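K.L.:
Below you will find the structure I want to go over with you.
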Amino acid sequence: MKTKKVSISIFQIFIAIIVIAIIIVVIAVIRNITNKSGSIPKEEQFAGSGSVEDPYQILSEEDLQKLYESILKGESYQGKSFKLINKLELSKELNHNIKTTAKPIFEGVFDGNGKTITGLVINIDTSVIEENYGLFGINKGTINNLRVIGQINVNEDLENSKIDVGILAGINEGTISSCKVEGSIKANVNNADTTVKIGGIAGINKGKIENSSSSTNINSNQQKGGIIALNEKNSEIINCANNGEIIENTSSNYYTAGICAENILGKITSCNNNGRIQGKLAGGIAGNTTGNITSCQNTAEISNLDEKSNNDEISAGIVAMVQSAIIENCKNTGKIYGLTDIAGIAGKNNGNIVQATNEGEILKQEEVIASKVYIGGITGTNLEQGKISTSKNNGAVRSSSDNLVILGGICGLLYNNSIVENCENNGNLYGQAKIVTPNEDLSEKCSNCVNNAGGQIDTVENGELQIGLIYGNIKE
């Protein structure tokens with residue numbers, strides 16, 4: 001029997017190699033597509049399937065470590081659900097991994113299940129161009145029913161850096177619901193080329209934060225709010241509370257507020273501030289707002305710093321500066337101390353204040369001479385587009401002597417084209433000055449206004465006081 005010889009040409013070998021290479025590439029591409037579509041590499045799998053009914057389970061710190069490692073690799077977990085099963089205390093190693101997830105995005109659902117994560121520590125000591133720090137760097141998903149206790153410290157010598165920080169997220173573009181944060185954030189930077197936006201829950205909100213609270217104490221010379229620093233257009237903060245102290249030790253030109261430092265065309269509804277606020281530009285609920293604020297309340301002390309005045313300080317129970325926004329059905333019961341514009345509701349108003357009530361005592365800080373003081377039960381200065389209607393002041397309004405104090409039951413300085421109507425003053429007025437100019441107008445520059453209170457004026461050796469039952473004086 002003859003044996004056939006099989007010869008393989010070099011060309012055939014070459015073709016075979018190409019076919020094998022193509023098969024390998026196809027398999028790699030399929031695996032890559034599968035991973036990007038939401039599945040998790042085998043070594044990073046969790047208990048559970050990641051569905052709403054059967055979420056991935058976070059049982060230990062190791063599981064949380066896996067989550068961060070996957071996020072660092074670019075896995076966003078869009079459409080996937082997680083559930084925290086046990087209370088976790090974070091180690092130094094895990095905190096390092098959390099710090100390095102500043103830019104990667106989480107798009108899944110993280111259910112805290114009523115559990116607590118403690119030991120979060122983020123020390124930002126390296127200059128960065130633009131980073132976001134928190135338990136999650138950027139949240140585009142949903143975080144709910146979670147309690148986090150932690151601290152964030154920003155090195156004072158950072159240069160050329162732009163940073164957003166919050167205990168839960170640097171930036172929230174999704175939903176944060178029924179969460180609680182506690183701890184501290186400190187960020188007193190020395191360089192003008194570094195900016196930090198600081199919130200107890202998130203630095204910036206581009207989504208929705210609801211039914212949540214912060215007991216985070218914040219000490220900073222940057223933009224800072226008990227819940228968030230910046231609330232962007234169409235974003236919402238609903239039924240949230242701040243219980244932490246939000247303070248600055250040296251004056252800055254950034255806003256300091258209990259809920260939100262700057263509200264730019266966003267909405268703030270049914271929020272409470274119960275923590276002491278201290279800053280150059282201080283508001284119980286918001287610092288500066290172009291968005292509507294509804295049914296909010298401040299119960300805490302709001303104050304400026306006891307240092308030399310630049311005649312531009314603001315201290316107010318609800319909002320430091322209102323710009324073309326509606327402030328409706330809001331109430332202040334806290335004591336308000338200030339230097340320049342001081343009021344129970346808005347330091348300066350260029351919007352529309354409706355159905356507001358002040359029950360807190362409004363006082364000029366005695367230790368500092370401010371040159372010009374505008375102080376009122378509802379607003380310190382009512383600007384040209386400002387309107388105050390159907391509002392009541394029930395708190396005493398007091399001022400020590402200064403170069404010029406303009407004091408009123410509803411408004412200190414009233415711009416000529418602004419409006420005060422259907423308002424009621426029930427708070428006693430107290431002032432001190434050498435020169436006193438009273439104003440008893442209830443109908444000429446204000447309409448349908450009522451005064452039911454009295455007061456006392458003491459004659460002293462210096463200062464001028466312009467005092468009125470409804471407003472102190474008109475700016476023509």
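The values are calculated or read from the model by the stated rules, or taken from the named source; none is laboratory data. Remember, predicted model here, so these are calculated numbers, not experimental data. Backbone-built Cβ (ideal geometry, glycine too); neighbour counts: all protein chains shown.
K.L.:
I'm trying to understand the selection: among the residues of the range 102-132, which are more than 21 Å from C179 (Cα to Cα) and modelled with pLDDT under 85?
P.N.:
Matches in the range 102-132: K103, P104, T126, S127, V128, I129, E130.
K.L.:
For the range 363-374, give me the residue count where each residue is without any contact (Cβ under 8 Å) to a residue 60 or more places away in the chain and either crowded, with 21+ Cβ neighbours inside 10 Å or touching an Asp or Glu at 6+ places or on another chain (Cβ under 8 Å) (or both).
P.N.:
Adding up the residues that qualify gives 3.
K.L.:
For the range 251-282, enumerate the residues that are part of a strand (DSSP E or B) and under 20 Å from Q365 (Cα atoms).
P.N.:
Matches in the range 251-282: Y255, T256, A257, I277, Q278, L281, A282.
K.L.:
Residues to consider are G427, G380; find the one that is part of a loop (DSSP other than H, G, I, E, B) and within 16 Å of I345 (Cα to Cα).
P.N.:
G427
K.L.:
Name the residue that is modelled with the lowest pLDDT, counting only residues in the range 292-343 that are among the basic types (K, R) and over 21 Å from the mean Cα position of the chain (by Cα).
P.N.:
Taking the candidates together, the pick is K308.
K.L.:
Consider Y415 carefully, then state whether it is aromatic (F, W, Y) and either surrounded by 24 or more Cβ atoms within 10 Å (Cβ to Cβ) or modelled with pLDDT under 95 (or both).
P.N.:
Taking the combined requirement at face value, the residue does not satisfy it.
K.L.:
Identify, from the list I185, I201, I228, I218, the residue that is free of Cβ contacts under 8 Å to residues at least 40 places away in the same chain, under 21 Å from I117 (Cβ atoms) and in contact with a Gly (Cβ under 6 Å, 6 or more places away or on another chain).
P.N.:
Of I185, I201, I228, I218, the one residue that is free of Cβ contacts under 8 Å to residues at least 40 places away in the same chain, under 21 Å from I117 (Cβ atoms) and in contact with a Gly (Cβ under 6 Å, 6 or more places away or on another chain) is I201.
K.L.:
So, of the residues in the range 75-95 that are surrounded by fewer than 18 Cβ atoms within 10 Å (Cβ to Cβ) and under 18 Å from A169 (Cβ atoms), which turns out to be modelled with the lowest pLDDT?
P.N.:
Among those residues, the one meeting the criterion is N95.
K.L.:
Please work out which one of (1) in a strand (DSSP E or B); (2) under 23 Å from Y471 (Cβ atoms) is the condition G287 fails and give its number.
P.N.:
Condition (2) is where G287 drops out.
K.L.:
Another question, then. Of the numbered conditions (1) free of Cβ contacts under 8 Å to residues at least 60 places away in the same chain; (2) surrounded by fewer than 18 Cβ atoms within 10 Å (Cβ to Cβ), G284 satisfies every one except a single condition; which is it?
P.N.:
Checking G284 against (1) free of Cβ contacts under 8 Å to residues at least 60 places away in the same chain; (2) surrounded by fewer than 18 Cβ atoms within 10 Å (Cβ to Cβ), the one that fails is (2).
K.L.:
Taking the condition of being touching a Leu at 6+ places or on another chain (Cβ under 7 Å) and over 14 Å from A202 (Cα atoms), how many residues in the range 125-145 meet it?
P.N.:
Total meeting the criteria: 1.
K.L.:
May I pose another question? Hey, can you tell me all the residues within the range 159-187 that are within 17 Å of the chain's Cα centre (by Cα) and not in a strand (DSSP E or B)?
P.N.:
Once the filter is applied, which keeps residues that are within 17 Å of the chain's Cα centre (by Cα) and not in a strand (DSSP E or B), the range 159-187 yields I167, L168, E173, G174, S178, C179.
K.L.:
Cβ-Cβ below 9 Å, separation at least six or inter-chain, first residue in the range 448-470 and of a type in the set (V, I, T), second assigned to a strand (DSSP E or B) and surrounded by fewer than 16 Cβ atoms within 10 Å (Cβ to Cβ): which pairs?
P.N.:
Partner pairs satisfying both residue conditions: I457/P438; T459/K434; V460/K434; I467/T437; I467/P438; I467/I457; I470/V450.
K.L.:
Within the range 439-476, take every residue that is charged (D, E, K, R) and part of a loop (DSSP other than H, G, I, E, B) and give me the one that is surrounded by the most Cβ atoms within 10 Å (Cβ to Cβ).
P.N.:
K445
K.L.:
Another question, if that's okay. Can you tell me which of (1) under 26 Å from I149 (Cβ atoms); (2) without any contact (Cβ under 8 Å) to a residue 40 or more places away in the chain is the one D54 doesn't meet?
P.N.:
(1)
K.L.:
To continue, here is another question. Listed residues V420, V436; which is in a strand (DSSP E or B), free of Cβ contacts under 8 Å to residues at least 40 places away in the same chain, of a type in the set (A, V, I, L, M) and on the phi < 0 side of the Ramachandran plot?
P.N.:
V436
K.L.:
So, one more: Any residue at all in the range 431-454 that's at pLDDT 95 or above and under 32 Å from the mean Cα position of the chain (by Cα)?
P.N.:
no
K.L.:
Taking into account only those residues within the range 227-250 that are surrounded by fewer than 24 Cβ atoms within 10 Å (Cβ to Cβ), in a loop (DSSP other than H, G, I, E, B) and at pLDDT 95 or above, which is nearest to the chain's Cα centre (by Cα)?
P.N.:
For the range 227-250, the residue satisfying everything is E232.
K.L.:
Another question, if that's okay. Being under 25 Å from S251 (Cα atoms) and crowded, with 24+ Cβ neighbours inside 10 Å narrows it down to one of D125, D164, D193, so name that one.
P.N.:
Answer to the check: D164.
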